[in-house]
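Following: one structure in structure tokens, then a few remarks.
The values are calculated or read from the model by the stated rules, or taken from the named source; none is laboratory data. The shown structure was predicted, so the numbers you read here are calculated from the model rather than taken from an experiment. Every residue, glycine among them, receives a Cβ derived from its backbone with ideal geometry; neighbour counts consider all protein chains shown.
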Amino acid sequence: MSDVLPQLTVDLGGGLVLKNPIIAASGTFGYGEEYAGVLDLNRLGAIVVKGLSIEPRTGHPAPRLVETPSGMLNAIGLQNVGLDAFLAEKLPFLRRFTPKVIVNIVGGTVEEYATLAERLSAADGVHAIEINVSCPNVKQGGLSFGQSAAGVIEVVQAVRRRTTLPTIVKLSPNVTDITEMARAAHAGGATALSLVNTVLGMAIDVDTRRPKLASGTGGLSGPAIRPIAVRMVWEASKAVPIPIIGMGGITCGDDAVELLLAGATAVAVGTGNFLNPLATVDVLDGLVRYLRRHRIADVNRLVGAVDCSGSH
């Protein structure tokens, strides 16, 4: 095993270069300050903050989280502090650290996305925008932007017109063909993709015969969805020429390697943070051990390196 630290820098396009490919995923890492007391934030490549809307949101009523086999269901309802409070109270804290700050934005209309992008672009310390297209389009009967190629293109183009920041599109797995949505995001001007978001699911209490979540359904995440994420990253990486942030059930270095081999350039740790507050740095350490064990000098050599020649 080599003692030399492998090259870990990755380029996510649009000028977004990370010192390593490990990212704290949106919605699971708060605004960074929630984890600052238990780990060194400066070890991370990037932090994606909680989904941000123009106005504050209180989210759905409790219960909002339910454990499931190898994962969990959540129906938080995009609770967040709102744009003004984020800029005044949360962003100054994040500017104290070295990870790139990626702001996940949510909206019910195209104009809301565009407004968020414009105001965030003027803020010191925001390095990229992640567009959450899993939000319901209130002008189109509640259908998620991300379930329509036309919807994806429209929102991405609107954001691109109002920002020069790198624009990452977070795709929903709740579609028939992920490559169609990946191509739509690319056509709209996305500089990168992140996938996958949560898979729609439901859990029922058999004694009360009622849903375990107050909202009925929720998003399934955790190791249970990792095979879905690996497959979709692999498919999307062959469909578009832009970098991909892979996510879905990453809890150790080998999980990260699997998504890199499938075609991701970087990986985001989400639900694993709830199980282990040190998950992000543990994944980073595990990735470095893998690279040293296999004498791989540059993490980028793993990207898309899966060998499918013997698959059936």
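Okay, residues lined up against (1) among the acidic types (D, E); (2) outside any helix (DSSP H, G or I); (3) under 30 Å from F29 (Cα atoms):
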residue	(1), (2), (3)
G286	no, no, yes
R289	no, no, yes
R295	no, yes, no
A305	no, yes, yes
Test: residue in the stretch 120-136 that is modelled with pLDDT under 95, over 16 Å from P56 (Cα atoms), outside any loop (DSSP other than H, G, I, E, B) and more than 16 Å from the chain's Cα centre (by Cα): yes
Close pairs (9 angstrom Cβ cut-off, 6 or more residues apart or separate chains): assigned to a strand (DSSP E or B) in the stretch 158-181, modelled with pLDDT under 95 and surrounded by fewer than 23 Cβ atoms within 10 Å (Cβ to Cβ) anywhere: K170/S134
Within the stretch 187-236, strands (runs of 3 or more DSSP E) holding 2 or more residues that are buried (at least 24 other Cβ atoms within 10 Å of the Cβ): 192-195, 217-221
Positions within the stretch 65-92 being touching a Ser or Thr at 6+ places or on another chain (Cβ under 7 Å), part of a loop (DSSP other than H, G, I, E, B) and crowded, with 18+ Cβ neighbours inside 10 Å, in sequence order: A75, L78
